[in-house]
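Heads up: the structure comes next, in structure tokens.
The values are calculated or read from the model by the stated rules, or taken from the named source; none is laboratory data. Keep in mind the model is a prediction, meaning the values are calculated, not measured. Backbone-built Cβ (ideal geometry, glycine too); neighbour counts: all protein chains shown. The protein model used for the area step is the full one, side chains on, heavy atoms only, and it has no ligands, DNA or RNA in it. Shrake-Rupley method; radii C 1.70, N 1.55, O 1.52, S 1.80 Å.
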Amino acid sequence: MSHTSSASAAAPETALEPPVAKRVPTRREHHGDVFVDHYEWLRDKESPEVVEHLKAENAYQEAVTAHQEPLREAIFQEIKGRTQETDLSVPGRKDGWWYYSRSVEGKEYSIQCRVRAQDSGDRVADWTPPAVEPGVAIDGEEVLLDGNIEAEGQPFFSVGGAAVTMDGNLYAYAVDNAGDERFTLRIKDLRTGELLPDVIENIFYGVAFSPDGTRLFYTVVDESWRPYQVKSHVLGTPVTEDEVLYQEDDVAMWLGFDLASDRRHLVLSIGCSEFSETRLLRFDDYEAVLTTVISRDERILYEAEPFLLDGRETLLLTHNKDAINSMVSLVDPEELAKPLSAQQWRTVVARSDEVRVNGAGVTSTHLVLSIRKDTIERVQVLPLAGLGTAAQGTPVEPAFDEELYTAGVSGSDYEAPVIRIGYTSYFTPSRVYDFVLPTSELPAGELLLRKESPVLGGYSPSDYVATREWATADDGTRVPLSVLRHASVRQDGSGAGLVYGYGSYEVSMDPGFGVARLSLLDRGIVMVIAHIRGGGELGRHWYEDGKKLSKKNTFTDFIAATDWLAGSGWASPDRIAAMGGSAGGLLMGAIANLAPEKYAAVVAQVPFVDALTTILDPELPLSALEWEEWGNPITDPEAYAYMKSYTPYENVRSAAYPKIAAVTSFNDTRVLYVEPAKWVQALRAESTGSEPIVMKIEMDGGHGGASGRYVQWRERAWDYAFVADSLGATELLPGAGLK
């Protein structure tokens, strides 16, 4: 059934007709179940007919939403008006230089810079970043890479990794000009500004030099977009001679690498979300074979960091052996030759049902922990002296004064007396702190605020309120919610609300400041961030209760959050919208099928709405890596039946669907455009309602949308205008907005 919209300013005289794709039956059969897909032909992105159809979808979307253009422009100007466009990052020190980036008003991309560091002998002073001002070059400033120059004449621009040699002479950087996350690597001699002849095409994220600067390490993806090789390029030699250091042939395992903190090893990480394997390469014995820390056959999920403890070679393990929320142990390398059951590990952080250990690293003096407790991500430090013994010190945690916040280590150098911490909350703009590591003279350490990102336009945190509330799911589980609103909104049952969620891959929707979000709150929309199962907010159990054969908990938790909002007095039940992206787009498709009557509008960003078709085809990008999240429907009839019972595209039914916007990109390699393209066709064919269902497709963008900050602001303004218009919340509250 087609829809009409009288709301369009573009065509008031005639009813707008959405594009109707032809129906070409494609039969899919698994485990005796047959599904006939009428729109699978839209997968052929080389087909002129498909491209024309997508352009027609955009034209329809533009016509249906044309009346929202003034609102989009207003929201864009609000985002722009609150953002200090000429800005810079806090310099970070590495090997005798301070590195930082600048952004300049009117320019889309950042400019990477550095200036030489000084050594006075006062360690804290030497690690105090120089005072760099927006728009003001400082003596000795060098530009490493100006993204605006690199992006000239290109449809897309993104940097996928950069590295500098320890001597500071060479700079390697990887650029994507298509949005498909395949990068071209180039190397610049910073002494001359000249590019070396070495150019490496089609690499993935991640670039590092060997400590001596003679080799470059990088990753390569296979046909299904999975990083599967780590290669080594010797500078000055043909790329065709690059050595494959390691190749991972298991299609369900992801491969990556990093340098150990003390840069004595290359650390290769191989894994999925359920178990992993670490392999080490010693830089002082480059010809030696890679050594395995713990074999994947043990089915342990772990990370390993080799370092020197009291001069002895030691491995720091963050692992889930007998600890669902993970714990931290030390092990001597010689122990690894024994069977796992006979190895002696020394406990540093014991297992806990209340504390999720996210990761651990080292500096030359301290162990640095990232943990999650009471949904909040926190940082703790422990001295290396006495680590793993009865003399082990007590963890020290930097203290912050808000209830809902996020604190994480954003950088630390092995030799530094400080670690850098990023801090934010819903209404505190991002801050950068240096935390001076505790010493006997300074046992609690010291937090030094280096920067708070400025917010312009008269922004005041006191204009807004963030509270922690709880919804109750069907099975009695309490689901945490973060409820955000303008302080002047009244709890009288008449307001507008937006529920946002994700709920997959153990990803947590942590408190964080967002300039764009203020434009919704300033229009009286109460925003609920639903910390549903499948995320990581309440530990590993919370994730495992929302994956595979428990996936539906994610959807019903979100509906419970919606019901909480509808009954809270903050929003009228008929003025609630939903939004989510990627796996959160699957969530949007699922809740639209389960409870279409509860939502006035749904915005699904790069939505994974045809999940079963995708995961049944191991040739498609990243499919095999999804089996650990959703189950393997190819080999497991139960996983197939369960997925088929919720995957959005296959469960579209005869119902009055709300306004729906599917937002996608033609070159997205993670969620292919074909998924929303098929979904909107099925929705229009089945919906008994009259609300428009539109698809907005960015023909030059990737999974994160288009490149360039102004373009991204406009995309966010489009999404938010669609929501605000659908909820009848287009006007600013009295006194709200830019000052």
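Out of the residues in segment 434-471 that are under 28 Å from the mean Cα position of the chain (by Cα) and of a type in the set (A, V, I, L, M), state the one that is farthest from Gly408 (Cα to Cα). In this case the residue turns out to be Ala471.
Regarding Leu683, is this residue among the aliphatic types (A, V, I, L, M) and surrounded by fewer than 20 Cβ atoms within 10 Å (Cβ to Cβ)? No: the conditions fail for Leu683.
Please find, within segment 491-509, the residue that is farthest from Ser425 (Cα to Cα) out of those that are among the hydroxyl-bearing types (Ser, Thr, Tyr) and open to solvent by 10 Å² or more (accessible area, probe 1.4 Å).
Let us first name the residues in segment 491-509 that are among the hydroxyl-bearing types (Ser, Thr, Tyr), namely 494, 500, 502, 504-505, 508.
Next, only the ones that are open to solvent by 10 Å² or more (accessible area, probe 1.4 Å) stay: 494, 500, 502, 505, 508.
On the way: Ser494: 28, Tyr500: 17, Tyr502: 19, Tyr505: 22, Ser508: 14 Å.
Only one residue fits best here, namely Ser494.
In segment 16-35, of all residues being in a strand (DSSP E or B) and basic (Lys, Arg), the one that is farthest from the chain's Cα centre (by Cα) corresponds to Arg27.
Could you say which residue among Ala151, Ala137, Ala131 is touching a residue at least 24 places away in the same chain (Cβ under 8 Å) and either among the aliphatic types (A, V, I, L, M) or in contact with a strand residue (DSSP E or B) (Cβ under 9 Å, 6 or more places away or on another chain) (or both)? Even if it seems obvious, please write down each step before you answer.
On the way: Ala137 fails: touching a residue at least 24 places away in the same chain (Cβ under 8 Å); Ala131 fails: touching a residue at least 24 places away in the same chain (Cβ under 8 Å).
Every option except Ala151 fails the conditions.
Contact annotation: residue pairs with Cβ atoms under 8 Å, 6 or more positions apart or on different chains, pairing a residue in segment 474-492 that is free of Cβ contacts under 8 Å to residues at least 24 places away in the same chain with a partner that is buried (at least 21 other Cβ atoms within 10 Å of the Cβ), are Arg478/Ala471.
Can you pull out the residues in segment 612-621 that are part of a helix (DSSP H, G or I) and open to solvent by 10 Å² or more (accessible area, probe 1.4 Å)? Reasoning before the result, please.
Going through segment 612-621, the residues part of a helix (DSSP H, G or I) turn out to be 612-615.
The answer is Thr613, Thr614.
Scanning segment 338-350 for residues that are outside any loop (DSSP other than H, G, I, E, B), open to solvent by 50 Å² or more (accessible area, probe 1.4 Å) and out of contact with any strand residue (DSSP E or B) (no Cβ under 9 Å at 6 or more places or on another chain) gives a single hit, Ser341. As a summary of the residue check, Val221 satisfies the conditions (1) in contact with a His (Cβ under 9 Å, 6 or more places away or on another chain); (2) open to solvent by less than 20 Å² (accessible area, probe 1.4 Å) except for the one numbered (1).
Summed over segment 633-669, residues that are surrounded by fewer than 20 Cβ atoms within 10 Å (Cβ to Cβ), over 25 Å from Leu727 (Cα atoms), aliphatic (A, V, I, L, M) and modelled with pLDDT of 95 or more total 1. As for segment 211-221, it holds at least one residue that is in contact with a helix residue (DSSP H, G or I) (Cβ under 6 Å, 6 or more places away or on another chain), within 27 Å of Asp262 (Cβ to Cβ) and either of a type in the set (S, T, N, Q) or assigned to a loop (DSSP other than H, G, I, E, B) (or both).
Just one of Gly168, Gly179, Gly153 is part of a loop (DSSP other than H, G, I, E, B), at pLDDT below 90 and open to solvent by less than 40 Å² (accessible area, probe 1.4 Å); which is it? Steps first, please.
Values: Gly168 fails: at pLDDT below 90; Gly153 fails: open to solvent by less than 40 Å² (accessible area, probe 1.4 Å).
When all the criteria are applied, what remains is Gly179.
In segment 100-126, the residues that are farther than 14 Å from Glu141 by Cβ reach residues that are open to solvent by 70 Å² or more (accessible area, probe 1.4 Å) with C-beta atoms within less than 7 angstrom, at least six apart or across chains, in these pairs: Asp126/Gln118; Asp126/Asp119; Asp126/Ser120.
Out of the residues in segment 292-323 meeting the condition of being open to solvent by 60 Å² or more (accessible area, probe 1.4 Å) and under 31 Å from the mean Cα position of the chain (by Cα), tell me which one is farthest from Thr389 (Cα to Cα). I'd like the intermediate steps shown before the answer.
The initial filter retains those residues of segment 292-323 that are open to solvent by 60 Å² or more (accessible area, probe 1.4 Å), namely 297-299, 303, 308, 310-312, 321-322.
Remaining after also requiring under 31 Å from the mean Cα position of the chain (by Cα): 297-299, 303, 321-322.
Numbers: Asp297: 30, Glu298: 26, Arg299: 27, Glu303: 21, Lys321: 20, Asp322: 20 Å.
Selected residue: Asp297.
Looking across segment 17-37, the residues that are without any contact (Cβ under 8 Å) to a residue 60 or more places away in the chain and within 18 Å of Val680 (Cα to Cα) come down to Glu17, Pro19, Lys22, Arg23, Val24, Pro25, Thr26, Val36. Here the condition is being buried (at least 19 other Cβ atoms within 10 Å of the Cβ) and modelled with pLDDT of 90 or more; of Leu88, Leu145, it holds for Leu145 alone.
The condition of being under 30 Å from Asp725 (Cα atoms) and not hydrophobic (A, V, I, L, M, F, W, C) holds for only one of Gly495, Gly445, that being Gly495. Within segment 410-437, the set of residues being acidic (Asp, Glu) and out of contact with any Gly (no Cβ under 9 Å at 6 or more places or on another chain) comprises Glu415, Asp434.
Can you find, within segment 182-210, the residue that is surrounded by the most Cβ atoms within 10 Å (Cβ to Cβ) among those that are in a loop (DSSP other than H, G, I, E, B) and in contact (Cβ under 8 Å) with a residue 24 or more places away in the chain?
Applying the first criterion (in a loop (DSSP other than H, G, I, E, B)) to segment 182-210 yields 182, 190-194, 204-206, 210.
Next, only the ones that are in contact (Cβ under 8 Å) with a residue 24 or more places away in the chain stay: 182, 190, 204-206, 210.
Numbers: Arg182: 18, Leu190: 19, Phe204: 23, Tyr205: 16, Gly206: 19, Ser210: 20.
Among them, the one singled out is Phe204.
Within segment 424-470, being open to solvent by 60 Å² or more (accessible area, probe 1.4 Å), touching a Pro at 6+ places or on another chain (Cβ under 7 Å) and among the aliphatic types (A, V, I, L, M) holds for one residue alone: Ala444. Is it true that Pro398 is over 30 Å from Pro607 (Cβ atoms) and either open to solvent by less than 30 Å² (accessible area, probe 1.4 Å) or of a type in the set (A, V, I, L, M) (or both)? It is true that Pro398 is over 30 Å from Pro607 (Cβ atoms) and either open to solvent by less than 30 Å² (accessible area, probe 1.4 Å) or of a type in the set (A, V, I, L, M) (or both).
So for segment 542-549 (the condition being more than 23 Å from the chain's Cα centre (by Cα) and within 28 Å of Ile324 (Cα to Cα)), does at least one residue qualify? The answer is yes; a qualifying residue exists.
Take segment 471-490 and flag every residue that is among the polar types (S, T, N, Q), closer than 17 Å to Ala561 by Cβ and surrounded by fewer than 21 Cβ atoms within 10 Å (Cβ to Cβ). Give the steps one after another, and end with the answer.
Our first condition is that a residue be among the polar types (S, T, N, Q); within segment 471-490, this holds for 472, 477, 482, 488.
From what's left, closer than 17 Å to Ala561 by Cβ: 472, 477, 482.
Within segment 471-490, Thr472, Thr477 meet the criteria.
Those strands (runs of 3 or more DSSP E) of segment 394-496 that lie entirely within it include none in which at least 1 residues are charged (D, E, K, R), within 30 Å of Asp545 (Cβ to Cβ) and at pLDDT below 95.
Return the residue satisfying two criteria in turn: it lies in segment 365-378 and is part of a loop (DSSP other than H, G, I, E, B) and at pLDDT below 95, and of such residues it is surrounded by the most Cβ atoms within 10 Å (Cβ to Cβ).
This residue is Thr375.
In the condition set (1) at pLDDT below 95; (2) open to solvent by less than 50 Å² (accessible area, probe 1.4 Å), Val251 is compliant with all but (2).
Just one of the listed residues (Ala604, Ala592) is within 23 Å of Met695 (Cβ to Cβ), open to solvent by less than 20 Å² (accessible area, probe 1.4 Å), in a strand (DSSP E or B) and in contact (Cβ under 8 Å) with a residue 40 or more places away in the chain, and it is Ala604. Checking each residue in segment 698-732 for being at pLDDT 95 or above, open to solvent by 40 Å² or more (accessible area, probe 1.4 Å) and of a type in the set (A, V, I, L, M, F, W, C) picks out only Leu732.
Do we have Val609 as in a loop (DSSP other than H, G, I, E, B) and β-branched (Val, Ile, Thr) here?
On the way: in a loop (DSSP other than H, G, I, E, B): yes; β-branched (Val, Ile, Thr): yes.
The answer is yes for Val609.
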